[in-house]
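J.: Got a structure for you, questions after.
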Protein chains: 2
Amino acid sequence: MEMAVQEALKAQGMTWTNPLVGAVLVKDNQVLATGYHHQFGREHAEVNTLSHLVNPKQAQGATLYVTLEPCSHYGKQPPCCKKVAEAGIKKVVIGQVDPHQIVAGKGIEYLESHGVQTEIIGGTENLNVAYNFFYHQKRPFVTLKYAMSIDGKINAAGKTRTIVTGDAAQVDVQKLRLHNQAILIGANTLRIDNPLLTVRIKNLPQPPIRIVLTKDANQLDFTSRMFKTHGEIWLLSRTELTQKVAENVHCYTAANWTPSKIVQLLADHEIQSLLVEGGSNVQSQFVAANLADEIVTYIAPLVLGGTALPAVFGQALAEKSDYQLLDVKRFNQDVRIRVRRKECLQE
Amino acid sequence: MEMAVQEALKAQGMTWTNPLVGAVLVKDNQVLATGYHHQFGREHAEVNTLSHLVNPKQAQGATLYVTLEPCSHYGKQPPCCKKVAEAGIKKVVIGQVDPHQIVAGKGIEYLESHGVQTEIIGGTENLNVAYNFFYHQKRPFVTLKYAMSIDGKINAAGKTRTIVTGDAAQVDVQKLRLHNQAILIGANTLRIDNPLLTVRIKNLPQPPIRIVLTKDANQLDFTSRMFKTHGEIWLLSRTELTQKVAENVHCYTAANWTPSKIVQLLADHEIQSLLVEGGSNVQSQFVAANLADEIVTYIAPLVLGGTALPAVFGQALAEKSDYQLLDVKRFNQDVRIRVRRKECLQE
């Protein structure tokens with residue numbers, strides 16, 4: 001199964017709202033073939049694995065290890081269960097049941113009723129944290145990310161951008177973006193940091209949707225770097241956008257874009273994951289709404305002092321949120337700490 | 001020499017303003033005796049080591065490894081150099097030269113002029129960071145310590161104390177206090193946290209002096225827990241103390257106790273190390289004055305939100321201070337990060 005997980009990981013960032021899935025076909029203690037779901041809309045891991053056999057008959061009597069329950073429905077691809085059963089596979093060892101309502105045990109039922117043994121062994125849930133969360137909680141998994149000084153500040157006092165972390169940490173942020181279908185910033189961050197919010201380490205068929213939260217979309221600077229790139233951009237504004245903008249820019253309006261309303265909009269669009277990249281007021285709204293499922297912070301060995309901008313600033317917390325430490329990792333001079341909301345861990 | 005360092009460490013917190021020193025006596029690849037400076041005012045490591053020999057004549061022709069240059073002056077103890085030469089030791093391998101003006105190479109000169117070979121190999125400087133710093137910089141080494149939430153806050157909004165870290169991190173703070181001769185807090189921290197600031201993991205002959213920075217010492221609550229304990233307490237106040245206080249409490253007055261004035265007062269008393277334990281305004285003054293040589297922060301997996309008290313808050317930084325990451329360590333759910341001012345590392 002570990003080998004199947006490694007297969008699945010090859011498609012990081014490529015499968016959009018589809019889960020990462022890997023598979024390994026084994027007979028007589030020998031690996032016959034491996035495969036994975038390469039990209040959203042392309043063949044699933046099971047079929048990809050079978051396609052790597054020199055002779056399809058090899059699959060007869062073999063055991064398939066697959067990180068996620070094989071699907072049982074006709075979507076962009078015919079159901080994998082059918083293919084698995086038809087191939088003569090004797091047993092399917094499954095990492096986790098698919099939480100998607102359309103599958104959710106039906107794949108296993110199909111296999112069993114067609115004479116294929118199944119076994120669920122668990123342990124592959126971390127491959128698709130947001131996917132699993134989304135189908136259980138009906139809303140995207142929200143990650144807050146910020147780089148801060150050792151005194152908890154994200155920017156020096158003043159209006160210009162402070163580069164806090166080093167190159168290695170910045171590459172890691174790129175990896176974090178790979179796992180998210182949407183990235184949100186506030187209008188202040190757009191103005192001060194002028195970020196691209198793109199994934200530059202991999203060419204993605206569906207890059208994350210970039211979202212700017214603003215009181216008035218008409219006040220945004222459309223000459224910002226972000227607006228010169230391809231890929232979808234959403235503006236969440238209180239007022240209608242009156243000026244003409246590029247085709248990749250969409251404006252949604254509401255009287256007040258609270259974190260729960262933002263998350264609902266994303267859920268309506270079947271977006272499973274959101275990365276909030278600042279600024280401090282936006283971060284404070286998400287933690288106050290108890291909608292920060294994971295926090296990833298990069299801490300740099302510098303001090304920005306008593307008038308610099310705190311990482312989280314503005315809105316008060318209704319109640320203290322408890323998190324669990326996931327891991328700590330050094331990136332040269334910077335330290336990354338990841339914590340996850342305790343409620344999330346139990347879900 | 002590593003063995004000598006381990007010997008030295010046995011006296012952590014016990015030697016007050018004296019350095020930690022360990023020694024190992026070796027002949028024919030065999031350890032004859034080990035020893036260390038046990039306590040302020042007691043015999044030095046060299047003499048302690050020699051006292052462990054069954055027969056003093058064993059020292060003849062032996063090599064002494066000692067973490068710090070043997071002293072050459074009459075202080076509380078007769079000079080170690082004399083004892084070493086008289087014992088017939090052939091060679092002394094020295095970890096580092098003693099920066100104290102009273103020694104500073106004179107020990108080595110004495111040995112050489114009395115027919116004892118010497119060799120300085122380096123690598124033991126970390127045993128006595130504050131001691132070395134003090135004799136080079138003529139002021140105490142200042143460490144800032146704070147426990148903060150993952151969003152950079154030391155206390156929830158409001159006036160009551162927030163327990164941020166777990167037990168293991170709190171025990172580590174006790175170890176940190178062992179290495180400091182003075183501990184400073186602001187009057188707000190005294191009022192809100194009501195801390196003891198004592199070292200409870202070891203019975204110290206000279207516990208750190210506890211210092212409270214206040215505008216008016218007469219406004220302090222002398223029923224606070226701290227005032228019910230033994231051990232020296234200093235109040236740094238703008239106004240004279242008019243009320244009668246216990247014998248262990250001393251009040252120093254100045255128009256304005258800036259960090260540099262505080263550090264000067266300590267230097268005048270030959271105090272080599274200061275641990276600043278909050279609150280956020282005091283921390284901001286020390287970083288603004290570029291008088292935070294080391295920062296030790298414990299980061300806990302909880303969020304205190306946008307209106308909670310930042311770790312460092314108040315005074316602006318004149319310029320960005322660059323630090324070097326020393327180490328990262330987990331204490332169960334908490335993470336300790338230690339950084340040191342870059343200038344300090346070069347000193």
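J.: Each residue of the stretch A:191-207 in order: what ³J(HN,Hα) in whole Hz does its phi give by Karplus 6.51 cos²θ - 1.76 cosθ + 1.60, θ = phi - 60°, with x for Gly and Pro?
T.: 5, 7, 8, 6, x, 8, 6, 9, 9, 9, 9, 8, 8, 9, x, 10, x
J.: So what are the ³J(HN,Hα) numbers for the stretch A:32-46, from phi and the Karplus equation (6.51, -1.76, 1.60; θ = phi - 60°), rounded to whole Hz, Gly and Pro as x?
T.: Using θ = phi - 60°, the values come out as 8, 6, 10, x, 7, 7, 6, 6, 3, x, 9, 4, 6, 4, 5 Hz.
J.: Can you figure out the FRET efficiency of A:E247 with B:K175, using R₀ = 56 Å and their beta-carbon distance, to the nearest 0.05?
T.: Given R0 = 56 Å and the Cβ-Cβ separation, E is 0.35.
J.: Counting Lys +1, Arg +1, Asp -1, Glu -1, what net charge surrounds B:I271 among other residues with beta carbon under 13 Å of its beta carbon?
T.: 0
J.: Something else now. Summarise the partner chain shielding of A:295-301 as one whole number: the mean count of Cβ atoms from other chains within 10 Å of each residue's Cβ.
T.: Average per residue, whole number: 5.
J.: What per residue convex hull volume, in Å³, comes out for the stretch A:2-159 when only alpha-carbon positions are used?
T.: Convex hull of Cα atoms, per residue: 147 Å³.
J.: Please arrange B:H179, B:H44, A:H114 by how many other C-beta atoms lie within 10 Å of their C-beta, fewest to most.
T.: Arranged by neighbour count, lowest to highest, B:H179, B:H44, A:H114 become A:H114, B:H179, B:H44.
J.: Determine the calculated [θ] at 222 nm for chain B from helices alone, applying -39500 (n - 2.57) to every DSSP H run no shorter than 4 residues and normalising by the residue count; nearest 500 deg cm²/dmol.
T.: Using -39500 (n - 2.57) per qualifying helix, the result is -6500 deg cm²/dmol.
J.: Fewest to most neighbouring Cβ within 10 Å: what's the order for B:I192, A:I211?
T.: B:I192, A:I211
J.: Considering the rotation that carries chain A onto chain B, locate the chain A residue whose Cβ comes closest to its axis and report the distance in whole Å.
T.: Axis-proximal residue of A, distance in whole Å: A:G152, 1.
J.: Give me a comma-separated list of calculated 3J(HN,Hα) values for the stretch B:179-186, in order, Karplus coefficients 6.51, -1.76, 1.60 applied at θ = phi - 60°, integers in Hz, x for any Gly or Pro.
T.: 3J(HN,Hα) across the stretch B:179-186, in whole Hz: 8, 10, 8, 8, 10, 10, 9, x.
J.: Place the label 7 angstrom along Cα→C-beta at B:E240 and in each other copy, then list the distances from the first to the rest in nm, shortest first.
T.: For B:E240, the other copies' label points sit at 7.6 nm, shortest first.
J.: Further, regarding this structure: Which value results when the Cα radius of gyration for the stretch B:174-318 is divided by 2.2 N^0.38 Å?
T.: Compared with the compact-globule rule of thumb, the stretch B:174-318 sits at 1.04.
J.: State the percent of C-alpha pairs, over all pairs in the stretch A:107-225, separated by a distance greater than 25 angstrom. Don't jump to the answer; show the numbers that get you there.
T.: Working: 3062 of 7021 pairs.
I get 44 percent for the Cα pairs in the stretch A:107-225 exceeding 25 Å.
J.: Which distances, in nm and shortest first, link the B:G105 label point to the same label point in every other copy, taking 7 Å along Cα→Cβ?
T.: Nearest to farthest, the other copies are at 8.4 nm.
J.: Moving on. With equal scatterers on the alpha carbons only and no solvent term, can you work out the Debye log10 of I(q)/I(0) for the protein assembly as shown at 0.06, 0.09, 0.10 1/Å?
T.: Evaluating at q = 0.06, 0.09, 0.10 Å⁻¹ gives log10 I(q)/I(0) of -0.50, -0.89, -0.99.
J.: To continue, here is another question. With a cut-off of 8 Å between alpha carbons and a minimum separation of six or more residues, what is the relative contact order of chain B in percent?
T.: 15 percent
J.: If you rank A:T198, A:T49 by fewest surrounding Cβ atoms within 10 Å, what's the result? Before the final figure, lay out each step's value.
T.: Details: A:T198 18, A:T49 28.
Lowest to highest Cβ neighbour count: A:T198, A:T49.
J.: Taking every alpha carbon pair in chain B, what does the distance histogram look like in 20 angstrom bins from 0, in percent?
T.: Each 20 Å bin holds this share of Cα pairs: 28, 51, 20, 1.
J.: What are the nm distances, shortest first, from A:T17 to its equivalents in the other copies, labels at 7 Å along Cα→Cβ?
T.: Going from nearest to farthest copy, the values are 7.1 nm.
J.: Under 5 Å between amide H atoms, partner at least 5 residues away or on a different chain: which partners does A:I211 have, H built in plane at 1.01 Å?
T.: Hits under the 5 Å cutoff: A:I183, A:L184, A:I185, A:W234.
Taken together, the values in this text are just the output of simple stated rules run on the coordinates, not laboratory data. In this text the structure is predicted, and so the values were computed from the model without any measurement. Glycine gets a Cβ as well: all are built from the backbone with ideal geometry, and neighbour counts include every protein chain shown.
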